[in-house]
Amino acid sequence: MQEDFLHYIWKHKKFQINNLKTTNDETILVSLVGQHNLNSGPDFFNAQLKIGEQLWAGNVEIHVKSSDWFVHNHEQDKAYDNVILHVVWEHDTEVFRKDNTPIPTIQIKEFIDASVLNNYVKLFSKQNKWINCENDFASVDEFLLKNWFERLYLERLEQKVNTITALLKNSKNDWEAVLFYMLAKNFGLKVNGDSFFSLAQSIDFSIIRKLQPNQQLLEALFLGQGGYLDQDIEDGYFFSLEKDYLFLKQKFKLENKQVLPLQFFRLRPSNFPTIRLSQLASLYNEQKNLFSKILETNTIEDFYDLFKVSASSFWKTHYTFQKESKLSSKILTKSFIDLLLINTIIPIKFCYAKQKGETIDDDIIKLSNTIKSEKNSIISAFNNLKKVSNSSLDSQSLIQLNTNYCKTNKCLKCAIGNAVLNK
């Protein structure tokens, strides 16, 4: 038995509310269950009860066993002096306040609806299940899922705001710089994300502003800071970039000792760091004041146009300096831009609006619903239970659901878990 389940039972009145009695056989009438307290102190504040003939206003404490009151040393804590009812699953001892006055107790298991208890046992039964509710997931109401997914999506965005806020503080509220750092990380994708992020942070954004008119200098800067120009390669374009980087390194006193190594292993050629860094250089060469343009852009097609850039001409016939390849433009694909929207652009827009005291939740939800669903093992597993991921809002919500609720067994705080309990 989890204490969280008892909180759920009390909070949502999932008990025989008209037949309650204390362990001393006194009747209990519940006017208000109280406000759920998620911090230290009693579990529910400001409850209103009638026990026997006495009206009470105060706090409610909940435990699996009555003796947990003493295990947690509540009898010595003034914060618990105003507890008017002790709600427990199993009553194994009388409990007292600090002044030794007894606290009325209710053994709640005697009053819980059998169907709710059976659903709880079934939900948390230890079977070979991927998630607790996988046997019931397919039957969950579509309207409930839609509303829960929107809440999960905004919850995930709120978590990303913390990362952006930290970057803003370090960059003295330079939104353009923060955008660059986050875009760089996402240009590196999963394999090179941390490397690209460390690379971006090794460059003061004022240098990017100065070099924006010259795409080759930007490319030399990125590849040089990434350590990719520290090689002995016989190639004219390599020599040109190497020369440019040595000049930039001396002029701006650049260091790259903290930059993580770039990885090529197990990457598709189109995701090689050489290609992605060249595309990033092209983006900043072609799009001045990118942050302002992102704020003004709201449709997916306009974002596709904004990010329609390709690697420089040399990379049309190369993936590395050492070997020539078949001619291809190496333009940013729509699927790649989708990832930039999901992981950088939408969180940035959301955070900026939040700091300005504006609400753009509806616009963000509308945009996220036009972006295709991500594809990964989590999304596939949910779709195998029920086809639910049709957009990036769905896929981001499912990632949030799995990470913050399913893996941590927080079914009682999940709308889907609640629906299963109340079947």
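The values are calculated or read from the model by the stated rules, or taken from the named source; none is laboratory data. Keep in mind the model is a prediction, meaning the values are calculated, not measured. Don't worry about glycine lacking a Cβ; one is built from the backbone with ideal geometry, like all the others, and counts go over all protein chains shown. Protein only, heavy atoms only, side chains kept; ligands, DNA and RNA dropped before computing areas. Shrake-Rupley method; radii C 1.70, N 1.55, O 1.52, S 1.80 Å.
If I take the Cα coordinates of region 1-91 and project them onto the principal axes, what are the three extents in Å, biggest first?
31, 27, 25
How far apart, in nm, are the 7 Å Cα→Cβ label points at Gln231 and Lys98?
With each label placed 7 Å out from Cα toward Cβ, I get 7.0 nm.
For region 10-166, report the % of Cα-Cα distances exceeding 23 Å.
Taking all Cα-Cα pairs of region 10-166, the fraction more than 23 Å apart is 52 percent.
Give the dimensionless ratio obtained when the Cα radius of gyration of region 280-357 is divided by 2.2 N^0.38 Å. Don't skip to the answer; put the middle values down first.
Values: Rg = 15.2 Å, N = 78, 2.2 N^0.38 = 11.5 Å.
This ratio for region 280-357 stands at 1.32.
Taking all protein chains as present, what is the carbon and sulfur share of the accessible area of the chain, in % to the nearest whole number, probe 1.4 Å?
48 percent
How high is the FRET efficiency from Asn289 to Lys356, r the C-beta distance, R0 22 Å, rounded to 0.05?
Rounded to the nearest 0.05, the efficiency is 0.80.
Which value in deg cm²/dmol, rounded to the nearest 500, describes the helix-derived mean residue ellipticity at 222 nm for the chain, given -39,500 (n - 2.57) per DSSP H run of n ≥ 4 and division by the residue count? Working shown, then result.
Values: 18 runs with 191 residues, N = 423.
Dividing the helical sum by the residues of the chain leaves -13500 deg cm²/dmol.
What are the lysines whose alpha-carbon lies under 20 Å from the alpha-carbon of Lys334, with same-chain residues fewer than 8 places away excluded?
Within the straight-line limit of under 20 Å, Lys334 reaches these lysines: Lys185, Lys190, Lys293, Lys308, Lys316, Lys349, Lys366, Lys372, Lys375.
Under 1.5 on a/c is rounded, so check that first for region 167-230, then, if it is not, pick prolate when a/b is larger than b/c and oblate when it is not; a ≥ b ≥ c are the square roots of the alpha carbon gyration tensor eigenvalues. Please report the intermediate quantities before stating the final value.
Working: a/c = 1.95, a/b = 1.13, b/c = 1.73.
Note, shape of region 167-230 comes out oblate.
Roughly how many Å² is the accessible area per residue of region 315-423, as a whole number, for a 1.4 Å probe? Numbers along the way, then the final one.
Values: 5180 Å² over 109 residues.
For region 315-423, the per-residue accessible area is 47 Å².
Using the Cβ atoms and a cut-off under 13 Å, what net charge is assigned to the surroundings of Arg268, where Lys and Arg are +1 and Asp and Glu are -1?
+4
Can you tell me the alpha carbon radius of gyration of region 97-142 divided by the globular rule-of-thumb value 2.2 N^0.38 Å?
Dividing the Cα radius of gyration by 2.2 N^0.38 Å gives 1.89.
Quick check: convex hull of the Cα atoms in the chain, volume per residue, rounded to a whole Å³?
Measuring per residue, one finds 189 Å³ for the Cα hull of the chain.
Starting from the eigenvalues of the Cα gyration tensor, five times each then square-rooted, give me the equivalent ellipsoid semi-axes of region 221-293, largest first, whole Å.
Over the Cα atoms of region 221-293, the ellipsoid semi-axes are 20, 18, 13 Å.
Report the equivalent ellipsoid semi-axes for region 282-423 in whole Å, largest first, defined as the square roots of five times the eigenvalues of the gyration tensor built from alpha carbon atoms. The partial results should precede the final answer.
Working: eigenvalues 252, 96, 28 Å².
Its equivalent ellipsoid spans semi-axes of 36, 22, 12 Å.
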